[in-house]
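Undergrad: Before I ask anything, here is the structure I am working with.
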């Protein structure tokens, strides 16, 4: 009799527990897990969140999305009956992510509580950098932080200096020099001769006034080791030369030029290979002072014919003719024309020419 009574109580408790929610209901044992501190070199960290369907109907997880690509979830895909359980396994990749982290995993289901957020936290201790980590690029026995020196933004009259760390990994001395260096760039290695295992630095200076150009610009120099020419040892120098309007007064901004281009995209449809397409883009100065077109540059395969004048008075308009030559091209084509002007609100404007080239 006692056994029957206990069984009845057990069934009653079960019915009460799972009848509180007529719909599916997802119940996690915990929604936050702290991995604590661990080393970046320890690799992937994984934790499994356990849950139960405490509702009255089968539970289905529709989506489980992590807030970051460094976090990968996997979960129970089958329907989970009332009283059944499932898991969500979360894997965190600490590579190149030193410091504290706080990542969320959003769980979407057919449950009454249809959207829930899980959280993983912790702290990644930075791994000790090896020489290869510090100097990932290599030119024979010379290792470099990078094969690119970026001067980022500069005004047309500015001068700037940047540095790049290098190290000699050979068991003999390396003499470093440079070729194909334009007049607006000066570069040297300090020291010029690197002893075995010795670290040095490339010191590069850029004179934008000597460059006399606008927009994003790249020069390719070549590093010579012991006076040997090798065009594989290429060093890129980049800069973005543009005007600085940050110090302009409200009055200057009010009376500034303004570039307006009614049509910025031209689709030529479908043409046969070898055909040429021509289109005129209209440019209007809707501002209160002269609009100066600093530069008009077309991407490969498209030509922008320079207009008769590069300075427009208020209200004046001109046309820029774009010509696309489809010779040796096929399929979908997307070409661009960049216009750089003295409009403080639209220094760079991008025009597009697109279409499809058929081959006979």
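The values are calculated or read from the model by the stated rules, or taken from the named source; none is laboratory data. Quick caveat: nothing in here was measured; it's all calculated off a predicted structure. Backbone-built Cβ (ideal geometry, glycine too); neighbour counts: all protein chains shown.
Undergrad: Have a look at 191, 196, 156 and point out the one that is within 30 Å of residue 244 (Cα to Cα) and surrounded by fewer than 19 Cβ atoms within 10 Å (Cβ to Cβ). I'd like the intermediate steps shown before the answer.
TA: Details: 191 fails: within 30 Å of residue 244 (Cα to Cα); 196 fails: within 30 Å of residue 244 (Cα to Cα).
Criteria check complete, one pass: 156.
Undergrad: Which of (1) without any contact (Cβ under 8 Å) to a residue 12 or more places away in the chain; (2) surrounded by 15 or more Cβ atoms within 10 Å (Cβ to Cβ) does residue 308 not meet, given it meets every other one?
TA: (2)
Undergrad: Only residues in segment 128-153 that are in contact (Cβ under 8 Å) with a residue 60 or more places away in the chain count as the first member; pair them with residues that are in a loop (DSSP other than H, G, I, E, B) and surrounded by fewer than 19 Cβ atoms within 10 Å (Cβ to Cβ), Cβ under 6 angstrom, at least 6 apart or cross-chain, and list the lot.
TA: Final answer for the pair search is 141/169; 141/170.
Undergrad: Also: Can you tell me which condition residue 92 does not meet? The list is (1) surrounded by fewer than 18 Cβ atoms within 10 Å (Cβ to Cβ); (2) closer than 30 Å to residue 133 by Cβ; (3) modelled with pLDDT of 95 or more, and all the others hold.
TA: For residue 92, the failing item is (1).
Undergrad: In this structure, is residue 196 within 30 Å of residue 148 (Cα to Cα), in a loop (DSSP other than H, G, I, E, B) and touching a strand residue (DSSP E or B) at 6+ places or on another chain (Cβ under 7 Å)? Please lay out each step first, then the result.
TA: Details: within 30 Å of residue 148 (Cα to Cα): yes; in a loop (DSSP other than H, G, I, E, B): yes; touching a strand residue (DSSP E or B) at 6+ places or on another chain (Cβ under 7 Å): yes.
Taking the combined requirement at face value, the residue satisfies it.
Undergrad: Still on this model: Hey, can you tell me all the residues within segment 163-183 that are under 33 Å from the mean Cα position of the chain (by Cα) and assigned to a loop (DSSP other than H, G, I, E, B)?
TA: Scanning segment 163-183 gives 169, 180, 181, 182, 183.
Undergrad: Just to be sure, is residue 82 in contact (Cβ under 8 Å) with a residue 60 or more places away in the chain, under 16 Å from residue 21 (Cβ atoms) and either in contact with a helix residue (DSSP H, G or I) (Cβ under 7 Å, 6 or more places away or on another chain) or surrounded by 13 or more Cβ atoms within 10 Å (Cβ to Cβ) (or both)? Break it down into steps so the answer makes sense when it comes.
TA: On the way: in contact (Cβ under 8 Å) with a residue 60 or more places away in the chain: yes; under 16 Å from residue 21 (Cβ atoms): yes; either in contact with a helix residue (DSSP H, G or I) (Cβ under 7 Å, 6 or more places away or on another chain) or surrounded by 13 or more Cβ atoms within 10 Å (Cβ to Cβ) (or both): yes.
Here the answer is yes, as residue 82 does meet what is asked.
Undergrad: Please enumerate the residues belonging to segment 225-261 that are crowded, with 17+ Cβ neighbours inside 10 Å and outside any loop (DSSP other than H, G, I, E, B).
TA: 225, 235, 237, 239, 241, 259
Undergrad: Hey, among 282, 288, which residue is exposed (fewer than 15 other Cβ atoms within 10 Å of the Cβ), in contact with a helix residue (DSSP H, G or I) (Cβ under 9 Å, 6 or more places away or on another chain) and at pLDDT 95 or above?
TA: Testing whether each residue is exposed (fewer than 15 other Cβ atoms within 10 Å of the Cβ), in contact with a helix residue (DSSP H, G or I) (Cβ under 9 Å, 6 or more places away or on another chain) and at pLDDT 95 or above leaves just 288.
Undergrad: Restricting attention to segment 207-224, and to residues there that are closer than 16 Å to residue 148 by Cα and within 28 Å of the chain's Cα centre (by Cα), which single residue is surrounded by the most Cβ atoms within 10 Å (Cβ to Cβ)?
TA: Only one residue fits best here, namely 221.
Undergrad: Now for a separate question. So for segment 161-180 (the condition being touching a residue at least 60 places away in the same chain (Cβ under 8 Å), surrounded by 14 or more Cβ atoms within 10 Å (Cβ to Cβ) and in contact with a helix residue (DSSP H, G or I) (Cβ under 9 Å, 6 or more places away or on another chain)), does at least one residue qualify?
TA: no
Undergrad: Can you confirm whether segment 237-249 contains a residue that is closer than 30 Å to residue 344 by Cβ and over 32 Å from the mean Cα position of the chain (by Cα)? If you could, list the steps in order and put the result at the bottom.
TA: Residues of segment 237-249 that are closer than 30 Å to residue 344 by Cβ, as a first pass: 237-249.
If we keep only those that are over 32 Å from the mean Cα position of the chain (by Cα) too, we end up with 249.
Yes, the conditions are met somewhere in segment 237-249.
Undergrad: Looking at (1) loosely packed, with under 14 Cβ neighbours inside 10 Å; (2) within 14 Å of residue 32 (Cα to Cα); (3) in contact (Cβ under 8 Å) with a residue 24 or more places away in the chain, which is the only condition residue 119 fails?
TA: So the condition that residue 119 fails would be (1).
Undergrad: A follow-up question, please. Can we say residue 53 is out of contact with any strand residue (DSSP E or B) (no Cβ under 6 Å at 6 or more places or on another chain) and either under 30 Å from residue 133 (Cβ atoms) or surrounded by 18 or more Cβ atoms within 10 Å (Cβ to Cβ) (or both)?
TA: Working: out of contact with any strand residue (DSSP E or B) (no Cβ under 6 Å at 6 or more places or on another chain): no; either under 30 Å from residue 133 (Cβ atoms) or surrounded by 18 or more Cβ atoms within 10 Å (Cβ to Cβ) (or both): yes.
It is false that residue 53 is out of contact with any strand residue (DSSP E or B) (no Cβ under 6 Å at 6 or more places or on another chain) and either under 30 Å from residue 133 (Cβ atoms) or surrounded by 18 or more Cβ atoms within 10 Å (Cβ to Cβ) (or both).
Undergrad: Give me a count of the residues in segment 94-116 that are more than 24 Å from the chain's Cα centre (by Cα) and free of Cβ contacts under 8 Å to residues at least 40 places away in the same chain. Reasoning before the result, please.
TA: If we filter segment 94-116 for residues that are more than 24 Å from the chain's Cα centre (by Cα), which is where we start, we get 106-116.
If we keep only those that are free of Cβ contacts under 8 Å to residues at least 40 places away in the same chain too, we end up with 114-115.
Total meeting the criteria: 2.
Undergrad: Tell me the strands (runs of 3 or more DSSP E) entirely within segment 282-357 that contain at least 3 residues that are under 19 Å from residue 255 (Cβ atoms). Give the steps one after another, and end with the answer.
TA: Working: elements: 291-298, 302-305, 317-325, 331-341.
Those strands (runs of 3 or more DSSP E) span 291-298.
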